[in-house]
Structure formats: structure tokens, C-alpha cells
Amino acid sequence: MTELRRARSRWATLRWIGLVVFMLGGFALFGALIYLSGPAQVFAEIKQMGIVGFLAVALCVVASMLTWALSWYALLRGAGVSAPWHHTISPLLAGFAISYITPSMYVGGEPVRAHWVSREHGITMARVMATVVVERILSGFSVLAFASIGVILTFLSPGVSLVDRGAIGLALGVLALLLGALLLALARDVRWLSRSLTWIARFLPWRERLLRAAVHVREMEQEVHRAFTLYRGYTLLAFGLQLLTVFLNYIRPQVFFHFTQRTLFTFPQLSLYFTLSLFVNAFLWLTPGGFGITDGGRVGLFRLLGVSASGGVAFNIVFRFADLVLVGLGVQLLLRRGLLSLQRGRVTMKVTPNPHQETTAHEDKARP
């Protein structure tokens, strides 16, 4: 037992060292970007924003968070969860914080917000998680809708090589096929996920645990099926709000550079930046929040639009600051609710049994 504890302690230490190394590496890359772009020029760009510019950026960020919350609220209402709309904001912030600080490609916080609502309103976890799954699918299609515009404009642009056009078209085509297949399977109640778990359980020693999980997954699949059949009006409303959320992210460069450089981007320029930034975001999992790596990629994209490196870095600093404010609020909410604690070198979500439903205590862990 002592040896086992020592092994766990060593592994916990290694996990923390790894997380710290990745964080410091990301911050070092971010600092290098500022240094190479000229700190004086970068902060001069930020100063050019003025009070009105900062308020416009804050409004853009807050509005996107509110439309995101309303989208999820519409799905919760359709599923029969009678939570006030503003009660979805705190779980979203908590989930956003977990996704941001763990190298997880922005998906690690989804079970966190589902559990928050489940415990607070006495709803089964599977039922709430189904609304999260639908919300993520609608978000994917909303992103795909705006990215498709960028793809069309990219194909029409003479400055893009045939190889680049093919790569962009293939990547988004695969994404569209995956989303379409997932939507079709869930909407037609194929039950592929629960059936897969049941089949896999036949060959593994922890069979009973997987079979119990399959039951909950089956419940979630049923709720997702209901979203696309029984309360389609709420689902369409949620999709419209997701489109608005993506649009608010789409216009971020225009909002920022209007105040710093009085730049007016064309629709093709914004579409091209948005589409190519999706490929940059594929590296979000390398460091917490993609610090340093995705920032460098975005600076390169802005250079394609004729924006100076200092302008691109200034854009990253301002919106990184806004993101970190939201992350700070999310972490504070998690700590106040007693959901977040640091144990054995990992971030642990402590889950207690819901008095309104028959569940067993378990833990959802967001590993760094």
C-alpha cells in the first residue's frame, strides 16, 4: 500500500510538472510574440482603442456569452427543465473555465455545466447532458455555416493555391460529414453509442460499470432524439441563437481594428480569417487556452489581411484579457460552490448524490 501511494505521489508530481511546463511554454511563446512585434507598438495599438473601443469589445464578448446562454436555455426549456435563463450563465462560466485551463480542445467543461444544472434543479444528469450535446451539435453547424462562406470565397480567390484550396475544402467536408452523420444517428434514434458500450462491455473486466454507463447514455440518446422530434421549435430557436453567437465572434476583428486602425474589412476578408482560424484552433489542446501557439497563428492570419504583427498581437492581448476575466469568474464560482478542489495533481470535480434522483456518488475529473 505504501509503495502504491508513493507511485501515485510521483505520478501526481509529474502531472503537475507537465502542466506547469506547458503553461510556462505557452506564456513564453506569448511573450516572445510581444517582444518580436515590438512592445511599444503593441501597447500603442491597444491605447488607440480608447474607452469606447474597450466598451465595444466588452459588449461583443458579453453579448456572445448571453446569446450562448440563451441558446442552451431554449434547449433546457424544451427538455422540460424550468430553470430561469440567468441560471444558465454560472454553469457556462464554470464549464468555460475548466475547458480553458485544461488542454482539452475546449470540451472538458461540458460535463461540469451539465452536472451543475442537474444537481441544482434535481434533473437526471443524462437529461441535462443531452441538451449540452444538442447545443454542441448546433454550435458545430453554426460554425460550419460561416466557414462555408469563407471556403467559397477562398476557392474564388486567385491568391490561394490549388493545394491549399483542396486542403481547406477536404477538412471542412470531413467536418460536415461527421456532424451530419452524428445528427442523423441521434435524430433517428439509432442508439449507436449505447449499443457500442454494451458490445464493448462483453470483452472487458469492468463489464457491470460499462453496462450501467450504457443505461445512462441510452437515456441521453432518447433526450437528444426528443430535441429533434418533439420540441423542434426550441431547437430551431437555439440554432438561431447559436448563429448569432458565432456571428459575434465572426465580427471581433472588425470591432477591434475599427477603433485601433479605423480599418473596414470586407466580407471576404472576415470570412477568410474566420475559416482559417478554425484550423489554428486545432492546436488549442497543446497548451492551456492555446496560449502562444494559437496566438502566433492568428498573427499570421492577420498578416494575410494586411494587418501589422503588432496589431495582431494587440488583438490577441485584448481578447485574451476578456477570456481570462471570464475564466476567473468561472473558477470563483466553482470554488464557492465547493465543486473544485486540487487533489493528487489533478483538478477534481466533487460530485455528491442528488437528493432528487437515485444516483451513486462519482467523480468527474478534468485532467490537466
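Just a few scattered comments:
- Subset of the stretch 70-106 [surrounded by fewer than 20 Cβ atoms within 10 Å (Cβ to Cβ) and closer than 22 Å to GLY289 by Cα]: ILE89, SER104, MET105, TYR106
- Hits in the stretch 177-221 - residues which are of a type outside the set (Lys, Arg) and outside any helix (DSSP H, G or I): ASP189, VAL190, PHE203, LEU204, PRO205, TRP206
- Residue match in the stretch 76-87 (condition: in contact (Cβ under 8 Å) with a residue 12 or more places away in the chain, under 24 Å from PHE247 (Cα atoms) and of a type in the set (Ser, Thr, Tyr)): no
Condition check ((1) at pLDDT 90 or above; (2) among the charged types (D, E, K, R); (3) in contact with a helix residue (DSSP H, G or I) (Cβ under 8 Å, 6 or more places away or on another chain)) across all residues:
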position	(1), (2), (3)
THR13	no, no, no
VAL21	no, no, no
LEU24	no, no, no
ALA94	yes, no, yes
VAL107	no, no, yes
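- Residues that are within 17 Å of ALA314 (Cα to Cα) number at least 3 in the following helices (runs of 4 or more DSSP H) confined to the stretch 36-114: 39-47, 50-78.
- Criterion (among the β-branched types (Val, Ile, Thr) and either within 29 Å of TRP192 (Cα to Cα) or under 22 Å from the mean Cα position of the chain (by Cα) (or both)) met by exactly one of THR294, THR266, THR260: THR294
- In the set LEU177, LEU193, LEU172, only one residue is under 25 Å from LEU278 (Cα atoms) and at pLDDT below 75; that residue is LEU172.
- When GLN222, GLN242, GLN254 are checked against the criterion of being surrounded by fewer than 21 Cβ atoms within 10 Å (Cβ to Cβ) and over 30 Å from PRO39 (Cβ atoms), a single residue qualifies: GLN222.
- Of the residues examined, SER142 is one that is at pLDDT 70 or above and hydroxyl-bearing (Ser, Thr, Tyr).
- From the options GLY109, GLY122, residue that is within 24 Å of VAL217 (Cβ to Cβ) and surrounded by 23 or more Cβ atoms within 10 Å (Cβ to Cβ): GLY109
- For the stretch 228-257, the set of residues classified as more than 30 Å from GLN41 (Cα to Cα), part of a helix (DSSP H, G or I), more than 20 Å from the chain's Cα centre (by Cα) and aromatic (Phe, Trp, Tyr) consists of TYR234 only.
The values are calculated or read from the model by the stated rules, or taken from the named source; none is laboratory data. Predicted model, so just to flag it, every value in this text is computed and none were measured. Neighbour counts run over all protein chains shown; Cβ positions are idealised from the backbone, glycine included.
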